[in-house]
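Worksheet: the structure to be examined is printed underneath.
The values are calculated or read from the model by the stated rules, or taken from the named source; none is laboratory data. Just so it is clear, the structure is predicted and the values come from calculations on it, not from any experiment. Methodologically, a virtual Cβ is constructed for each residue, glycine included, from the backbone with ideal geometry; neighbour enumeration extends over all protein chains shown.
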């Protein structure tokens, strides 16, 4: 059995430092599952660590990828019911490879009715959205999203409405997002409409920001002082300055909460995610063979993209 994996042995631009390597997998360690991967998406959270942005907690060499779905091929005796079933092989090895080993207790069984393309994306963005909404409640509040066409923002907007938000507004860069945001009950605002952005920001109670940079500074300059600004990403590649003491700024990083979750709490998070995913609209996918990973990365960077690039691991 040979394994094809995308390794990086130094930090830099993913297109430059990622290298496909073929090897024979080591023996499965006690307590781990072995999973034959089916699909793995391309997310910002996959690419940013490769650049070295988090080098203090990214040991090299490493295999890229944080999420995906696959079929269990081998398991410890305590998990003998899992071979042949689909799981999310999380919190183990990088997922941009054909075979992944992960701690058995952290693998997430996938319900039979869940489409594999949806299952492959059930971790990073859904869990982040669910945790943010639990910590910074939108109930009865006017919610403003940045990068509203992104997968995480799409879920944040839909689930904020389910949680009782008074209204949800979404700032988008490309006009292709406006119609589908409206269909989800999210009121679209073009990012270039500075007056419109400022008008909504001046009435926003909660902002979930994935952009940072000048847009974040514009919103913070006019937000009500009693509001909450939650930053969970810097897709602009730029940080921001807060010129006023208020509103309160909170930084959300999903990694800061994972270690505090017991195995039972970890599994329970996904029991809550599955029914919400079933009832939500999500981006379509664009499939690329693992061997064509450069094309997948190029597609991810396309302006106005509405489909999620996804690696197909099987031959």
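A few points about this structure:
- The residues of region 295-308 that are crowded, with 18+ Cβ neighbours inside 10 Å and within 22 Å of residue 158 (Cβ to Cβ) amount to a single one, 308.
- All positions within region 119-141 that are touching a strand residue (DSSP E or B) at 6+ places or on another chain (Cβ under 9 Å) and farther than 24 Å from residue 227 by Cβ: 119, 120, 121, 122, 123, 124
- Strands (runs of 3 or more DSSP E) within region 194-294 that include 2 or more residues assigned by TED's automatic domain parsing to the domain that holds residue 163 and either surrounded by fewer than 16 Cβ atoms within 10 Å (Cβ to Cβ) or modelled with pLDDT of 95 or more (or both): 206-209, 228-231, 248-251
- Only a single criterion out of (1) in contact (Cβ under 8 Å) with a residue 60 or more places away in the chain; (2) part of a loop (DSSP other than H, G, I, E, B); (3) closer than 25 Å to residue 29 by Cα is not satisfied by residue 100, namely (2).
- Positions within region 87-97 being buried (at least 22 other Cβ atoms within 10 Å of the Cβ) and part of a loop (DSSP other than H, G, I, E, B), in sequence order: 89, 90, 95, 96
- Taking region 103-117 as the range and being in contact (Cβ under 8 Å) with a residue 60 or more places away in the chain and assigned to a loop (DSSP other than H, G, I, E, B) as the test, the residues that pass are 107, 111, 113, 114.
- Each residue in region 1-56 was checked for being free of Cβ contacts under 8 Å to residues at least 40 places away in the same chain and over 20 Å from residue 98 (Cα atoms), and 7 pass.
- For region 295-315, the tally of residues that are in contact with a strand residue (DSSP E or B) (Cβ under 8 Å, 6 or more places away or on another chain) and in a helix (DSSP H, G or I) stands at 5.
- Qualifying residue in region 58-66 (condition: out of contact with any strand residue (DSSP E or B) (no Cβ under 6 Å at 6 or more places or on another chain) and farther than 23 Å from residue 259 by Cα): no
- In region 151-193, the residues that are closer than 21 Å to residue 286 by Cα and assigned to a helix (DSSP H, G or I): 151, 152, 153, 154, 155, 176, 177, 178, 179, 180, 181
- Strands (runs of 3 or more DSSP E) (entirely within region 1-77) containing at least 1 residues that are surrounded by fewer than 16 Cβ atoms within 10 Å (Cβ to Cβ) and touching a helix residue (DSSP H, G or I) at 6+ places or on another chain (Cβ under 9 Å): 19-23
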